[in-house]
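Note sheet for the following structure.
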Amino acid sequence: MYKLTRKLPFFALLVAFSAQAQTTADFENISIPPAGFINNSGAAGFFYSGNAAVPNFYDSNFDYWDGWAISKTTDTITPGFTNQYSSIAGGGAQGTSNYGVCYAFGETSLFLEGPAKGGTLSGIYVTNSTYAYYSMKEGDNVAKKFGGETGSDPDFFKLVIRGYNNDIVKPDSIVFYLADYRFPNNAQDYIVDEWTYIDLQPLGVVENISFSLSSTDNGAFGMNTPAYLCADQLVTDDNTTGTTEAEHFKNWKISPNPAHDFIRLEWVGNDAAPGAVYDAQGRSVKSFTAFSGVNTIDLQGLNAGIYVVRLAGQVERVLMAK
């Protein structure tokens, strides 16, 4: 088994000691049931840890989830979909228990909160899920074995991390290969099977980041490789002038939540405020202007899922259209 090992770079260590304040989102604050994972954040629509908020949507009719789940399962042996919540590293990063499981069939976001919003990020640990690892290593009833029968197919499983600020994608993105079989020497081919640190400082100042996955194994319905990623230990460089949690919620209210065709937004500000509704991928799906008093925001046409309402450029609330 080839292990990709990457030590924390000296520069990142230097920043860690010189930064005014840092917060680590390690998901250890989240209570996980005996089953070893939680895939339903309830009406909140987010799991919160440190200064990070990761979206989660759960449909009880089909026991279906999307976005992020939080896990502490340690099964590194069982292949297949029934083991979708385990990291191939057998637990959390740096010896911790809990970690995030991101389902990124498309693009899935992580939002920054409080003093981290509009600041820089130091880094994050990532690894493969057990499900994706064995799918690539051995193949399954949907996906191919990476490398093919001869081991020479130039396959890869790629993670791209993008940063967003003021709803605009940053020009620089970070590319990390969770598996890479493109080497002329097959002995160099690898599938990541331990927690690996990614330096996020090149993204610069961000309000949220997104994770997207791509693979050389694709079919009629998109990527065949299971679109799962495990992430842990996100370190934010906190901005002491950032928005506090109290400021996030003091000026407005939303009801009902969960919502269906509309929401009522109560804005107590004196001036009209621009607002927008964003999906879990950070894309704007509706713009509006809120006036002092009660505003009715039409949500017809939105699919069931997690959405974020941003008002006056800084305030966010989650809602679930269903």
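The values are calculated or read from the model by the stated rules, or taken from the named source; none is laboratory data. Note that the coordinates shown come from a computational prediction; the quantities given were computed from them, not determined experimentally. For neighbour counting, all protein chains shown are included, and Cβ atoms are generated from backbone atoms with ideal geometry for every residue, glycine included. Remember, those area values only see protein heavy atoms, side chains included, never the ligands or the DNA or RNA. Shrake-Rupley method; radii C 1.70, N 1.55, O 1.52, S 1.80 Å.
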Query raised in the report: Once phi is turned into θ = phi - 60°, what whole-Hz ³J(HN,Hα) does the Karplus curve with 6.51, -1.76 and 1.60 give for every residue of region 75-88, x standing for Gly and Pro?
Result: 6, 9, 10, 7, x, x, 4, 5, 10, 6, 9, 9, 8, 5
**Report entry** Calculated log10 I(q)/I(0) by the Debye sum over Cα atoms at q = 0.07, 0.13 Å⁻¹ (choose from [x] -0.26, -0.95; [y] -0.32, -1.09; [z] -0.29, -0.97), label
**Finding:** [z]
Report task. Determine the relative contact order of the chain: mean sequence separation of Cα pairs under 8 Å and six or more apart, normalised by residue count, in whole percent. Result -> 20 percent
Query raised in the report: Which percent of the accessible heavy-atom area of the chain goes to carbon and sulfur, probe 1.4 angstrom?
Result: 52 percent
Report task. May I ask for the net charge around PHE46, where only other residues with Cβ less than 12 Å from the Cβ of PHE46 are counted and Lys, Arg are +1 while Asp, Glu are -1? Result -> -1
Query raised in the report: So for the pair THR296, ASP75, with labels modelled 7 Å out along Cα→Cβ, what separation do we get in nm?
Result: 4.9 nm
Report summary line: A student applying the Cα gyration tensor rule (rounded when a/c is under 1.5; otherwise prolate if a/b is larger than b/c, oblate if not) would label region 94-133 oblate
Query - CD proxy at 222 nm, helix term only [per DSSP H run n ≥ 4: -39500 (n - 2.57); per residue of the chain; nearest 500] - result: -2000 deg cm²/dmol
Query raised in the report: If packing is taken as the mean number of other Cβ atoms within 10 Å per residue, what is the order of 292-302, 69-79, highest first?
Result: 69-79, 292-302
Report summary line: Interchain or sequence-distant (5+) residues whose placed amide H lies within less than 5 Å of the amide H of ASP193 are LEU4
Requested in this report: Return the aspartates and glutamates within reach of LYS253: Cα separation strictly under 12 angstrom, same-chain partners fewer than 8 residues apart disregarded; answer none if there are no such residues.
Outcome: GLU266, GLU316
Query raised in the report: GNM on the chain, C-alpha springs below 10 Å: top fluctuator among PHE46, PHE62, PHE111?
Result: PHE62
Report task. Give the total of Lys-Lys pairs in region 106-190 with Cα-Cα distances below 27 Å; include a pair only if its members are 8 or more places apart or on different chains. Result -> 7
Report summary line: Candidates TYR164, TYR64, TYR125; GNM for the chain (alpha-carbon contacts under 10 Å) flags as most fluctuating TYR64
**Report entry** Residue-wise HN-Hα coupling along region 271-278, computed from phi with Karplus coefficients 6.51, -1.76, 1.60 (Hz; x: Gly, Pro)
**Finding:** 9, 4, 10, x, x, 7, 10, 10
